[in-house]
Amino acid sequence: MPSRPRIPKALAGLTQQVRVRDFLAAAVDEDRVSHAYLFLGAPGSGKLDAAFALAQCVVCPNGGDATCDECIRVSHRTHPDVHYLVPASVTGYLVQQVRDLIDDVSLAPIRARAKVYILGDAGLLRGAAANALLKTIEEPPQGVVFILLARSADSVLPTIASRCQQVPFRVVAPEDAIREVRRRSGLGVTESRIALAVAGTPERAVQFLASPGRREVRRLVVRVLGELSRDDSWDVLQSASELLTAIRRPLEDYRKQQEQRSSKDADYLSAKALKQMEDANKRELTARERSGMMEALAAAESFLRDVLMRCEDAADSVVNQDAEDAIDRIASATSTKGALAALEAVRHAADDLAHNVSPQLTLEVMLLSVKEALACPPSYR
């Protein structure tokens, strides 16, 4: 019977995907990490968490100890040799986006012994953009690893999928996810369900529960939605501004940390490398703001889904039990059609963000649309 591989600390958190964890651990332990992986699974299965965990193992001089400076930078998504890309257009990756990636692949690593490129929504890698990347994925330079993320192999072009080692992720049962969050956070069922509704995976749910700033954003979203019926248009615009301020507040600490790191690195990095790091930090700030916005939208969607369940007299208990009074009040004043329209307004807001609509305008339009959808048309002073 073969012995189990040594599990690097960076991979140890993948407890909901034990087979994936052991598979990746064996590859790291035996020094046979593939040049290209295709992680396959439904949203919430933990593909992105696993991708960054593997990236830690690749760039870490100790094989993924999760405590060194390299690993910490990867976990903060600030490592200059670990790149996370998403489609620049709602219709997919742009050709220029892929060409920039290929140009970067040819450059030597800035800090680590290797470079990692994580591509989200690989199913949207098509046409000329996919053709531009084929040769690079098939024969990347030494020390370059690609990790592509997709729902299924069928959603990815066969020419891309055939050049990657496919790693399937199982669907995590809600009960298992709640149990894992409770075990790791020490909190109850209600808090764990809320965190999963906002963050998506057990790993990120635990991080959410450990962040007072992120939990405050969720509480603010629930409060704002609960008060829409009593607010006029000016109040709604003020609420949007307050929400955005709360979302951006944690970014100030991050910005200061990066300024300190850049100051330390200035002693041994070239001007070009420093510029690349500055650009990466700016992209990371934008990505973190977008991530905060998406969590706020997820909180709004969870709240409005509870309203819909109440409108339908569904037997399922609401997720946001700390706001049950507001949910019941809104449900009694609206209809299933109104709740569905409100949910559509939230989904439209996510689409607006993908089209680079400003976060402030996105929140304003969403809140006014939700107010109107729930049969609370705007009033004016």
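The values are calculated or read from the model by the stated rules, or taken from the named source; none is laboratory data. Predicted model, so just to flag it, every value in this text is computed and none were measured. Here Cβ is always computed from backbone atoms with ideal geometry, including for glycine, and neighbour counts include all displayed protein chains. All accessible areas refer to the heavy atoms of the entire protein, side chains included, with ligands and DNA or RNA removed. Shrake-Rupley method; radii C 1.70, N 1.55, O 1.52, S 1.80 Å.
With a simple spin-label model that places each label point 7 Å from the Cα along the Cα-to-Cβ direction, the separation between ALA271 and VAL365 comes to 4.2 nm.
When each of the peptides 330-336, 295-301 is scored by how many other beta carbons lie within 10 Å of its residues on average, the order from highest to lowest is 295-301, 330-336.
The radius of gyration of the Cα set in the chain, together with its Dmax, comes out at 22.0, 76 angstrom. Mean sequence separation of contacting Cα pairs (under 8 Å, at least six apart), scaled by the length of the chain, corresponds to a relative contact order of 16 percent. For the chain, complete DSSP H runs whose alpha carbons reach 20 Å or more along their own long axis and whose mean Kyte-Doolittle score is -1.0 or higher are 212-227, 271-311, 336-354, 359-373.
Give the dimensionless ratio obtained when the Cα radius of gyration of segment 56-164 is divided by 2.2 N^0.38 Å.
So segment 56-164 has a normalised radius of gyration of 1.08.
Estimated purely from DSSP H runs of n ≥ 4, each contributing -39500 (n - 2.57), the mean residue ellipticity at 222 nm for the chain is -19000 deg cm²/dmol once divided by its residues. Where the centre of each part is set by its Cα atoms, how far does segment 210-224 sit from segment 154-203, in angstrom? One Cα centre to the other: 22 Å. Expressed as a whole percent, the accessible surface of segment 6-165 that belongs to carbon and sulfur atoms is 51, based on a 1.4 Å probe.
Percent of Cα pairs in segment 1-73 per distance bin of 5 Å, from zero to the largest separation: 3, 17, 30, 25, 18, 6, 1, 0.
Rounded to a whole number of µm²/s, how large is the Stokes-Einstein D of segment 1-128 at 20 °C and 1.002 mPa s, given Rh as the Kirkwood radius over C-alpha pairs?
D, rounded to a whole number, is 138 µm²/s.
Based on protein heavy atoms only, the chain ends up with 49 Å² per residue of surface accessible to a 1.4 Å probe. Quarter the surface of the alpha carbon convex hull of segment 110-157 and you get the mean projected area, 3.8 square nanometres. Could you pull out the pairs from LYS9/LYS135; LYS9/LYS115; LYS47/LYS337 whose alpha carbons sit more than 25 Å apart here? The pairs that break the limit, which is 25 Å between Cα atoms, are LYS9/LYS135; LYS47/LYS337.
Expressed per residue, the C-alpha convex hull volume of segment 80-227 stands at 166 Å³. The peptide list 217-225, 239-247, put in order of mean Cβ contacts within 10 Å with the highest first, becomes 217-225, 239-247. When each of the peptides 144-151, 346-353 is scored by the mean number of other C-beta atoms lying within 10 Å of its residues, the order from highest to lowest reads 144-151, 346-353.
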